[in-house]
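Notes to accompany the following structure.
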Amino acid sequence: MSTHPRASDGSELSPLRHDFPFDPTHGYDLPRLRAVEAPQGPDDFADFWRERHAHALSVDPEPRIEGPWTTVDGMRVADVSYTSVDGVRIGGWLTVPADGRVTQGCVATHGYGGRAAPDLGQPPSETATIWPCLRGLGTRSLLPGVAPNSAGHVLHGIGSRDSYLIGGCVADVWCAAGALQRLVPEAAGRLTYLGTSFGGGIGALALPWDDRFRAAGLTVPTFGNHPLRVTLPCTGSGESVRTRLAGDPSVLDVLAYFDAATAARHIRIPVHVGAALFDPSVPPPGQFAIHNALAGPRELLVLRAGHFDHPGERAETAALEEAQRRFLSEAVPVASTPGPTV
């Protein structure tokens, strides 16, 4: 089976061959993807998230460096932990420039595969970055009773907007920002966000309500336009949700509060989005719905594919990371600061 994606200039690319029982483009070309809209969401969407944000800010993150520092590729790296809502202790890593020059801070999250180590080349240079493993996910934040895989994690607590685990993951981002500011005060005032796939969707949900963030990069973000997303087969967490919805239509009412595209309507900071034309895991229309709904300055880099090995993938990933480093560096004013005190 094959599909015929098009490049950003409209020219046809060679088809990507695959064995999926569905078309990972879902029949959308670039012009149609650029036209996908976001749901308006419930009337109390913003109030719901502002209340959750206020609660998260009331939590003392109590950040701790866990163990010794090491130096890798010009960065100092240490294990870190902090407290999030519901008393959940989140584990991750902290990285700071070895030369002590910090010009911005970053909260960098992960996909549904979790994270086993920081990706040191992802943020701009001179960035102090906290790399949390969001609740229930590996390798640092596994929780009893919470499935560490996407199929189970995405359904945990989905019966109610107040118990849905995704809301806790968003709070983990806000609390990570507080932990970073406590550990590296030099990063305060110039905070950015990076998130891929699961982390991209979580970021879109987190960013509108927290004015500590000045810019963001979202790559193949999930959780966009749930009413459309649940009609599209995929190999990612969305398939679990589709199956659950078939037996419990009320799930869509809960998901309306966790729609990353609806949240994007409220994001006014500069955001760079890498969105794919072909993606078996995160349907492209949902990715583009998030980009299209952004209310502030935005930049789009169209990827040939996401969550799929393909020719030129390494160069495409390198170009995306370079574009996002440039975007974040330009969006956040540079200031010389003393070295971190951690």
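No lab work stands behind these numbers, since they all come straight from the coordinates. What you are looking at is a predicted structure, and each value in this text was computed from that prediction instead of being measured. We place every Cβ from the backbone using ideal geometry, glycine too, and count neighbours over all the protein chains shown.
See the values below:
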read-out: Peptides ranked, highest mean first, by Cβ atoms within 10 Å: ranges 309-321, 100-112, 182-194; value: 100-112, 182-194, 309-321
read-out: For region 204-342: rounded, prolate or oblate by the Cα gyration tensor [a/c cutoff 1.5]; value: oblate
read-out: Gain upon complete extension [Arg32, Val72; 0.36 nm per residue less C-alpha separation]; value: 10.0 nm
read-out: Added length on full extension, which subtracts the Cα-Cα distance from 0.36 nm per residue, Asp253 to Leu120; value: 44.0 nm
read-out: Under the Karplus curve 6.51 cos²θ - 1.76 cosθ + 1.60, θ = phi - 60°, whole-Hz ³J(HN,Hα) for region 131-148, x wherever Gly or Pro sits; value: 10, x, 8, 5, 3, x, 10, x, 9, 10, 10, 5, 10, x, x, 10, 5, x
read-out: Mean Kyte hydropathy of -0.5 or more with a Cα span along the axis of at least 18 Å, helices from DSSP in the chain; value: 165-183
read-out: Ser160 paired with Asp60, simple spin-label distance in nm, labels 7 Å along Cα-to-beta-carbon; value: 2.8
read-out: DSSP beta bridge pairing in the chain, given as percent antiparallel to the nearest 5; value: 50
